[in-house]
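Q: Next up is a structure, given as structure tokens.
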Amino acid sequence: MTTPGRLPDPYGQGGGANLADILERVLDKGVVIAGDIRINLLDIELLTIKLRLVVASVDRAKEMGIDWWETDPALSSRARRNELARENAELRDRLAELEGARGEKEAP
């Protein structure tokens, strides 16, 4: 029977650099985790949940064409300003239409 000359390091010691390397590699390359959950009852599909998880850096995600956070008003102040400007323009157009319609009714 052989025994190892040295026992492995306990968790938390010396793993920081390795974890940082792994995290850097994952964010640089990106990782996709996909899965489906299906609930069937007597061969009748009741529920299907599709899960997709992408872990990548922002730059890498943009290279892959993923940039939904830039247009989500809840996540981007620029998108929020754009949404408010669009809503403001729509309200001004509606107001102009209503004022125009009111003016037509009042004219003899």
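Q: Given (1) modelled with pLDDT of 80 or more; (2) on the phi > 0 side of the Ramachandran plot; (3) in contact with a strand residue (DSSP E or B) (Cβ under 9 Å, 6 or more places away or on another chain), identify the lone condition not met by Gly30.
A: Only one criterion in (1) modelled with pLDDT of 80 or more; (2) on the phi > 0 side of the Ramachandran plot; (3) in contact with a strand residue (DSSP E or B) (Cβ under 9 Å, 6 or more places away or on another chain) is unmet by Gly30, namely (1).
Q: Which condition does Ala96 not pass, out of (1) among the hydrophobic types (A, V, I, L, M, F, W, C); (2) within 18 Å of the chain's Cα centre (by Cα); (3) surrounded by 10 or more Cβ atoms within 10 Å (Cβ to Cβ), if it passes all the others?
A: Status for Ala96: all satisfied but (2).
Q: Among the residues of segment 36-90, which ones are part of a loop (DSSP other than H, G, I, E, B), open to solvent by 70 Å² or more (accessible area, probe 1.4 Å), farther than 30 Å from Asp21 by Cβ and not small (Gly, Ala, Ser)?
A: Residues satisfying the conditions are Leu42, Asp43, Thr71.
Q: Confirm whether Ala74 is without any contact (Cβ under 8 Å) to a residue 12 or more places away in the chain and among the small types (Gly, Ala, Ser).
A: Against the criterion (without any contact (Cβ under 8 Å) to a residue 12 or more places away in the chain and among the small types (Gly, Ala, Ser)), Ala74 qualifies.
Q: How many residues are of a type in the set (A, V, I, L, M, F, W, C) and closer than 29 Å to Leu27 by Cα when one looks only at segment 38-67?
A: Residues in segment 38-67 being of a type in the set (A, V, I, L, M, F, W, C) and closer than 29 Å to Leu27 by Cα: 10 in total.
Q: Looking at Asp21, Asp28, which is the one that is assigned to a helix (DSSP H, G or I), over 30 Å from Asn82 (Cβ atoms) and touching a helix residue (DSSP H, G or I) at 6+ places or on another chain (Cβ under 7 Å)?
A: None of the other options fit; the residue is Asp28.
The values are calculated or read from the model by the stated rules, or taken from the named source; none is laboratory data. Everything numeric here is computed off the predicted structure, so don't read it as measured data. Every residue, glycine as well, gets a Cβ built from its backbone with ideal geometry; the counts of neighbours run over all protein chains shown. Areas reflect the complete protein model, heavy atoms only, side chains present, ligands, DNA and RNA absent. Shrake-Rupley method; radii C 1.70, N 1.55, O 1.52, S 1.80 Å.
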